[in-house]
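All remarks here apply to the structure that follows.
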Amino acid sequence: MNTIAGRKSMPQQIGYAVVGAGDMTRHALLPAFAAATGNSRLSAIVAGDRAEAQALAQEFRAGAYHLDEFRQCLNRDDVQAVYIALPNSLHSDYTVDAARAGMHVLCDRPMAVTADECRRMIRTCQTNRVKIMVSYRLQFQPAFAKALDLVRTGQMGTLKTFSSDVTVRIPSSEDPRLQRRLGGGSVYDLGIYAIAAARTLLGFDPAQVMAMTSRSSRSFGSDVDEGTVALIRFPDERLAHFHSSFGEEPTSMLTLYGEEGWLRITPAYRHDAEARMLVCRQGRSEEMTFPPTDQFAAELTYFSDCILGDRQPEPSGIEGLQDIRIVEAIYRSARDGRPVTLPRLARVDTPVTTVSEARKLEVIKRHAS
């Protein structure tokens, strides 16, 4: 087993094998390693196309592997962690293989397609004493960090309602996000951001969901939902609703309403654009702008720091599991035409600490543009 614990000395950098070579990986994740050199390095690239893996490996000076050679890649002495950037339906199996080989896992969102897959991933990581973190990146966006600070310092008053719209256009029916067998669907790809943001800002796990989905064959013959509208009830009479779509003008916005004011972030979930926040309290408005940060570099730095310092990373596997339970409930509600009640999730990991949040803010500042 190639674990850090089994080495004679702790490495100064965590070596990563990036598994998957989609657009986001090529244009954002792989270049981010150049800004995360303090404690992270790119050791290997694993892709389904061998020629593509070799081309990327040559560009970024890393080892190249085909997906069929994944377990061989895990035997490298300079790999201690993997970044899973594959289609959603492959997250569970590749995470389990990596954990069994002693690798820490940074998994792209959503964590998996089903709650059972998430539980399997968590259980395997716990058994093999490796860490798992879900890549939402929202935690490393300055505007969202500011919103969270306004909430936690009571400046919004008692929170009431969260609202979010997140839409894109997908012109090709060949896109993995439109394939059910690959874990496609607008809630898995887009709504998951709103779910995670609502849970973080409102500070509770949901109690009940209601949803409706829509499908259209005019643009593409998809076998997943093209759009979804969901209503989520939280404890203390707090509500959230979001709208996700694959076939509308791109937008990314969240609004949070409290008794003492409201705030809106636009764009809310982009990693490559300036974010604007409008805050309105007692009839007075204030607008703030936040330059883009290298969220991928910040995320890598934070996860590597957690590995080297033996700390629990957040969002953890339990957070990823909870979000997938909500996604499943949303689709079940849409299918059955009635509300779905969510049983309370028994938590076995530790909650987010102020130390963890302080570390994230430090990482955000380091990777600000």
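Just a few scattered comments:
- Only listed residue being open to solvent by 40 Å² or more (accessible area, probe 1.4 Å), part of a helix (DSSP H, G or I) and closer than 16 Å to Ile324 by Cα, chosen from Asp68, Asp149, Asp116, Asp93: Asp116
- Residue list for the range 159-192, filter: out of contact with any strand residue (DSSP E or B) (no Cβ under 6 Å at 6 or more places or on another chain) and either assigned to a helix (DSSP H, G or I) or of a type in the set (D, E, K, R) (or both): Arg169, Glu174, Asp175, Pro176, Arg177, Leu178, Arg180, Arg181, Leu182, Tyr188, Asp189, Ile192
- Close pairs from the range 16-36: first of a type in the set (Phe, Trp, Tyr), partner open to solvent by 10 Å² or more (accessible area, probe 1.4 Å), Cβ under 6 Å, at least 6 apart: Tyr16/Leu42; Phe33/Leu42
- Within the range 25-55, restricting attention to residues that are assigned to a helix (DSSP H, G or I) and touching a strand residue (DSSP E or B) at 6+ places or on another chain (Cβ under 6 Å), the residue that is surrounded by the most Cβ atoms within 10 Å (Cβ to Cβ) is Ala53.
- Being within 19 Å of Asp305 (Cβ to Cβ) and buried (at least 18 other Cβ atoms within 10 Å of the Cβ) is a property that Ala85 lacks.
- Annotation for the range 79-102: at least one member residue is of a type in the set (S, T, N, Q) and more than 16 Å from Gly20 (Cβ to Cβ).
- Residues that are hydrophobic (A, V, I, L, M, F, W, C) and touching a Pro at 6+ places or on another chain (Cβ under 9 Å), drawn from the range 220-259: Phe220, Leu231, Ile232, Phe234, Ala240, Met253
- The residues listed here are Ala36, Ala62; of these, the one that is modelled with pLDDT of 95 or more and among the hydrophobic types (A, V, I, L, M, F, W, C) is Ala62.
- Residue selected from the range 128-175 under the condition acidic (Asp, Glu) and free of Cβ contacts under 8 Å to residues at least 24 places away in the same chain, by the criterion nearest to Arg281 (Cα to Cα): Asp149
- Count - residues of the range 92-149 that are at pLDDT 95 or above and aromatic (Phe, Trp, Tyr): 2
- Within the range 71-82, being open to solvent by 20 Å² or more (accessible area, probe 1.4 Å) and either closer than 20 Å to Ile307 by Cβ or under 25 Å from the mean Cα position of the chain (by Cα) (or both) holds for Arg71, Asn75, Arg76, Asp77, Asp78.
- So Glu248, is it farther than 23 Å from Arg338 by Cα and in contact (Cβ under 8 Å) with a residue 24 or more places away in the chain: yes
- Scanning the range 289-307 turns up one or more residues that are at pLDDT 95 or above, more than 24 Å from Leu30 (Cα to Cα) and more than 15 Å from the chain's Cα centre (by Cα).
- Looking only at the range 119-135, and only at residues there that are among the hydroxyl-bearing types (Ser, Thr, Tyr) and open to solvent by 10 Å² or more (accessible area, probe 1.4 Å), the one that is nearest to Gly317 (Cα to Cα): Thr124
- Any hit, the range 291-303, residues being more than 30 Å from Asp78 (Cβ to Cβ) and in contact with a strand residue (DSSP E or B) (Cβ under 8 Å, 6 or more places away or on another chain): yes
- So Arg7, is it out of contact with any Phe, Trp or Tyr (no Cβ under 9 Å at 6 or more places or on another chain) and modelled with pLDDT of 95 or more: no
The values are calculated or read from the model by the stated rules, or taken from the named source; none is laboratory data. Just so it is clear, the structure is predicted and the values come from calculations on it, not from any experiment. Neighbour counts run over all protein chains shown; Cβ positions are idealised from the backbone, glycine included. The accessibility values were calculated without ligands, DNA or RNA, using every heavy atom of the protein model including side chains. Shrake-Rupley method; radii C 1.70, N 1.55, O 1.52, S 1.80 Å.
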